[in-house]
Amino acid sequence: MQLAPKFPMLTLLSMFYYICLRRRSRSGTRGEALTSRRAVESGQRAVLPVSVEVEQYAKEVLDFSSHYGSENSMSYTMWNLAGVPNVYPSSGDFTQTAVFRSYGTWWEKCASAPPPFRRTPKGFYSQDYIELGFEEPVYPTAVEVLETYYPGAIVQILACSHNPFSQSPPTDVRWEVLWSGDPTKVLTPQARQFSPNIKHISFPTNLLRLEVNSSLLDYYTELDAVILRGVKERPMLALYKMPVIDISDLSDSEEELSDLGGPFRQGGDGKHQRTGNGYFDKLPYELIQLILSHLTLPDLCRLAQSCKLLYQHCCDPLQYTQLSLQPYWARLSDASLGHLQSRCTLLQRLNLSWTGNRGALTQSGFSSFMKACGLSLVCLELSCCHFLNEACLEVISQTCPGLQELNLSSCDRLHPQAFIHISKLTRLRRLVLYRTKIEQTAILSILTFCIELKHLNLGSCVRIEDYDVVASMMAARCRSLCSLDLWRCRNLTDRGLAELVSGCRMLEELDLGWCPTLQSSTGCFQHLARSLPRLHKLFLTANRTVCDSDIEELAASCPSLQHLDILGTRLVSPASLKKLLQSCPQLHLLDVSFCSQIDMRVVQELCGLFPNVAIKKSFTQ
C-alpha cells in the first residue's frame, strides 16, 4: 500500500529518527525534539532565528590540575589565561602565558611514575585540565584558543550547564563535549589560533573546560587566551544540522544507557534475559574472566544485562581489583559508587582523580564506599578531588590500613589540619602532595611515622615554613627515599640539602627547580653529586648560580644520569656540557634554555655529536 503524497518523509528512516527522539535529546527538551520531528515529517525546515554573536574572553580561571608557575606569582601560571591576550600573535617562551607542569614522556618513564590503570578507555587521552568562567552564558558557536608555543596539546573542549558565578548551589550539573581529538604534534612551535568545529548544545554556558595531553610535544605548550563566541538565544537546528545519534545509544526509555549507574541498577533483572548461552557457558570460568578483563567499565556494565551467566562473570570482584573512574569524572555520582560497592570487595587500586566536584560526590557517599571497599586498597589516586575534607582523610586512614600510594595532587581546598591523618598510614611508599596546603607540623608527623616512603612530592607546597627542618627529618627517618620533588620550595638552604643527601643516599630523582636559596658557591651541588651516585634525574631549573664545577662533578660522580635541567644558568660553558655528555651515556634529556653561554650554534653542534640526547633550548621571538 502506498503512502499518501502529503507524507513523503514518513518512511522507515523517519520512524528510526522518531525512536531516536524518544530518548532525552541532546539538542533540546523532549517537546522541542518532537517539534523538530514534525518539521522533518512535514518536509519543512526549522527556522534559524537571527541573533547577535557575543565574543568574550575568560573572566576567571576556576580550576586546574597543574601549572609550571608558582602559587605566589603570575609567571607561567594558569591565571594568565584570564582576560585578553598578553603575547599572541608573538611566538616563543613567555612568562605571561599559561604553562602546564610537564610535557613529553619523560615523566612517565621515571621511577616515581605509577603504572597505568587497566581498562582505561582508548579514547581517554587527557593528562591535565583547566576550567574557565566567562561573563555571559551563551549557546556556543565557536571556541578559539590562542596557543603561542608548541601547540597541539588540546584533546578535548567541554561546556558545563552550571553558571559558576551563580549564588545558588549547583544542581543537575551537565557536561557536554564540544570537541575532542587525538594528541597531535604540530610541525612548528610557532603561535596559532586553534578553532575546531564544535558541536551545538542544548543549554547556554559560561563555563568551559580544556583538557590537554602534551605527551607528543617536544617542549612545554603555552596558552595565552581563550575566546568563547556564542548567541544568547537558542538556535534551532536546520535539517542539515540535525545531531548525529550513535546507534549504540538508542533506547526506548528515558534512562541514558551511557549513564554509569544504569547498568548496575538493571543488571540483576532476569525478566527479559535469554536462557540459552550456546557453547559460551562451556568455556572455562578463568577464560571467560580473561576475555572480560579487556572490556571498559561501561561495556562490562552493559554486558551484565545480557544473560545470567555473563551477569555472574561481570559482577565477579576479581574484575574490579583495579578501577579507574577518572575517565568518567563528568558522570560519576554517589549513586554510581553505591552500585559499584558490592563488586569492589577485592579492590586494590582505585583512581578517583578529577571526580566529584560541584556536588557530584559527597563525604557520605565517598565514606560509605571506602568503608566497604578500602580494606585491600594499596593505591588511591585523588588528584583534584575538591569534595575531600578532613573527615574523608580520616576515613581513609581508618579503612585503608595497607595503603601504599596516595595522590592528593592539587587538592588545594583541603584544610591544613586534614593532612595530619596521613601519618596513620604507616605503610605509605608513595605520597603526592603537590599544590596542597600542608603545613610543617603535618609533614613532620608524616615523616616520623611513614618511614617506608620511597617517593615524595612536595612541589609548590608553599605553607611549609622551614624546609631545612623537613630535609633533616627526611634524612633521619626516610633513608629509603628514591625520588623527592621540592619544586619551588623557597627556603631550602645548603645546610638542609647537605643533610638530605647525606641521609638519603638511595635518591635517584631530585627536583630542586626554582629553589632560589640554594647557592653553588657553598659547594652544595658538588656535595650532592658526590653523595648520590645513583642519580638518574636532577632538576636545578632557574638556579642562576650553577657553574662548570657543578657540571663537571656530576660528570665524574653520576654516570647513570638520564635527565638534567639547568635552565637559566649563566655560568655553564659548552666545554663542561660536552664533558658531561661524554661521561653520562644514558643521558636522554638536557634542558639548557636561557643559558647565556649556550647559544643555538652550540646546541646544534652538541646534537650532532650526541644524537640520542634531546637538548632543549627554548626561544623568545
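Structure notes:
- The chain: DSSP helices with Cα axial extent of at least 27 Å and average Kyte-Doolittle hydropathy no lower than 0.5: none
- Net charge of neighbours whose Cβ lies under 14 Å from the Cβ of V155, counting Lys and Arg as +1 and Asp and Glu as -1: -1
- Percent accessible area from carbon and sulfur atoms, the stretch 298-370, protein chains only, probe 1.4 Å: 51
- Karplus-derived 3J(HN,Hα) values for the stretch 320-329, using 6.51 cos²θ - 1.76 cosθ + 1.60 with θ = phi - 60°, are 10, 6, 10, 9, 10, 9, 4, x, 10, 4 Hz; glycine and proline are entered as x.
- The chain: radius of gyration and largest Cα-Cα distance (Dmax), Å: 27.4, 97
- Of K424/K537; K122/K617; K371/K424; K537/K579, those spanning more than 23 Å from alpha-carbon to alpha-carbon: K424/K537; K122/K617
- Extent along principal axes [Cα atoms of the stretch 53-231; Å; largest to smallest]: 45, 41, 34
- Highest to lowest packing among 136-146, 578-588, 180-190, scored as the average C-beta count within 10 Å: 136-146, 578-588, 180-190
- The lysines whose alpha-carbon is closer than 19 Å to the alpha-carbon of K308, local same-chain residues fewer than 8 away aside, are K271, K282.
- Cα centroid of the stretch 112-177 to Cα centroid of the stretch 487-558, whole Å: 38
- Under 20 Å from the Cα of K59 - lysines, other chains or at least 8 residues apart: K232
- Net charge over other residues, Cβ less than 9 angstrom from the Cβ of I451 (K, R count +1; D, E count -1): +1
- Backbone phi angles across the stretch 187-194, fed through the Karplus curve with coefficients 6.51, -1.76 and 1.60 (θ = phi - 60°), yield HN-Hα couplings of 5, 10, x, 5, 5, 8, 9, 8 Hz in residue order; Gly and Pro are listed as x.
- DSSP bridge pairs, the chain: antiparallel proportion in percent, nearest 5: 55
- For L62, the residues 5 or more places off, or on other chains, whose built amide H falls under 5 Å of its own are E131, L132, G133.
- Mean accessible surface per residue for the chain, computed with a 1.4 Å probe while every protein chain stays in place, in Å²: 43
- Based on the reciprocal of the average 1/r between different C-alpha atoms, the Kirkwood radius for the stretch 472-620 equals 15.2 Å.
- 11 Å beta-carbon shell around A529, net charge (K/R +1, D/E -1): -2
The values are calculated or read from the model by the stated rules, or taken from the named source; none is laboratory data. Keep in mind that this is a model prediction, so the values were computed, not measured. Every residue, glycine as well, gets a Cβ built from its backbone with ideal geometry; the counts of neighbours run over all protein chains shown. When the accessible area is computed, the model is the full protein with side chains, heavy atoms only, and any ligands, DNA or RNA have been set aside. Shrake-Rupley method; radii C 1.70, N 1.55, O 1.52, S 1.80 Å.
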